[in-house]
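K.L.:
Sending over a structure as structure tokens; questions will come in a sec.
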Amino acid sequence: MRTQESTIDHAVVGAVEGRVHRLCRQYADRLQFHGWHHVGFVRAKAVGFARHNGADLTVVEVAALVHDVNYLVLRNSPAAAGQSLRLEILAECGVPPHIARWIDEIVDEAEMATRGRDISLEAQALSDADTLFKALPVTPVVLAHRYLRENGLSLRELAHKIVGEQCDVHDEGYYFYNPEAAATYSRWATANLQLWRCIKEAVDDPTVVELLDAVAS
Ligand SMILES: [Fe+2]
């Protein structure tokens, strides 16, 4: 299904957007990091990457809209934890069941912790948008503390998670699938991962731990 025509009717895309937007507003306190600001960014960028790589545009758009609903179900969870809610939203909004299952597979495929070099074009578009959000230089400055709060993690745990999940993918050369994204954003990604490697080292210093405890209390 390699067409730029609409696999999903635009009214259905709008219904999914409305449903996810309402959920994000309703549970804004629980979605400090993965709220509408994140979903909206990933959706806009994923559509751009899909336009570039020939992936199915509306399927990618809807996948982006529902990719992080797992954080509504369970803190600090994999995408798969949101499968039931994801399929429920898609069904309610009129996405045909076989397309809904395809979207759920794309979301799983695009997950940073498990994604491989060879994933579908739709998953590549979604992954690049989600990865770009992680690599933005503003993310550690204005959003990292929200990730900690949302998911109940310590700074040490988040540093280990980011370095553990992202450094190999980065070093093996498929951090971004889109070559233009790789050329444009690799410097940001490298700086971001270097920062998190440094944070991981810093939290091994007992005096830094004391400092963090003092700030937290
Ligand atoms: Fe995401």
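The values are calculated or read from the model by the stated rules, or taken from the named source; none is laboratory data. In this text, all values refer to a predicted model and were calculated from it rather than measured experimentally. Cβ coordinates were reconstructed from backbone atoms using ideal geometry, including for glycine residues, and neighbour counts include every protein chain displayed. Side chains included, ligands, DNA and RNA excluded: accessible areas come from the protein's heavy atoms. Shrake-Rupley method; radii C 1.70, N 1.55, O 1.52, S 1.80 Å.
K.L.:
When residues of segment 78-99 are filtered for being touching a residue at least 24 places away in the same chain (Cβ under 8 Å) and either more than 17 Å from the chain's Cα centre (by Cα) or in a loop (DSSP other than H, G, I, E, B) (or both), how many remain?
P.N.:
Final tally of qualifying residues: 8.
K.L.:
Additional query: Taking only pairs six or more apart or across chains, which ones have beta-carbon atoms under 9 Å, a first residue in segment 23-41 that is more than 14 Å from Leu74 (Cα to Cα) and open to solvent by 40 Å² or more (accessible area, probe 1.4 Å), and a second residue that is of a type in the set (Phe, Trp, Tyr) and more than 11 Å from the ligand (Cβ to nearest atom)?
P.N.:
Here the result reads Arg25/Trp36; Ala28/Trp36, each pair linking segment 23-41 to a residue that is of a type in the set (Phe, Trp, Tyr) and more than 11 Å from the ligand (Cβ to nearest atom).
K.L.:
Within segment 134-157, how many residues are in contact (Cβ under 8 Å) with a residue 24 or more places away in the chain and assigned to a helix (DSSP H, G or I)?
P.N.:
11
Yes/no matrix, rows are residues, columns are (1) within 12 Å of the ligand (Cβ to nearest atom); (2) part of a helix (DSSP H, G or I):
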position	(1), (2)
Val62	no, yes
Asn76	no, no
Arg101	no, yes
Asp104	no, yes
Asp108	no, yes
Asp118	no, no
Asp128	yes, yes
Leu132	yes, yes
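K.L.:
Could you tell me whether Phe33 is part of a helix (DSSP H, G or I) and within 15 Å of the ligand (Cβ to nearest atom)?
P.N.:
Details: part of a helix (DSSP H, G or I): no; within 15 Å of the ligand (Cβ to nearest atom): yes.
Here the answer is no, as Phe33 does not meet what is asked.
K.L.:
Turning to a different aspect of this structure: Go through segment 149-184 and report how many residues are open to solvent by less than 40 Å² (accessible area, probe 1.4 Å) and of a type outside the set (Asp, Glu).
P.N.:
To start, the set of residues in segment 149-184 that are open to solvent by less than 40 Å² (accessible area, probe 1.4 Å) comprises 150-151, 153, 158-159, 162-163, 166-167, 169, 174-178, 181-182.
Next cut, of a type outside the set (Asp, Glu) only: 151, 153, 158-159, 162-163, 166-167, 169, 174-178, 181-182.
Going through segment 149-184 one residue at a time, the tally reaches 16.
K.L.:
Do the conditions hold for Arg86, that is, is it modelled with pLDDT of 95 or more, of a type in the set (Lys, Arg) and buried (at least 22 other Cβ atoms within 10 Å of the Cβ)?
P.N.:
So Arg86 fits the description; yes.
Yes/no matrix, rows are residues, columns are (1) under 28 Å from Leu153 (Cβ atoms); (2) among the β-branched types (Val, Ile, Thr):
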| position | (1), (2) |
| --- | --- |
| Lys45 | yes, no |
| Arg51 | no, no |
| Gly54 | no, no |
| Leu65 | yes, no |
| Arg75 | yes, no |
| Ala91 | no, no |
| Val107 | yes, yes |
| Thr114 | yes, yes |
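K.L.:
Could you list, in sequence order, all residues of segment 48-60 that are open to solvent by less than 10 Å² (accessible area, probe 1.4 Å) and more than 16 Å from the ligand (Cβ to nearest atom)?
P.N.:
Within segment 48-60, Ala55, Asp56, Thr58, Val59 qualify.
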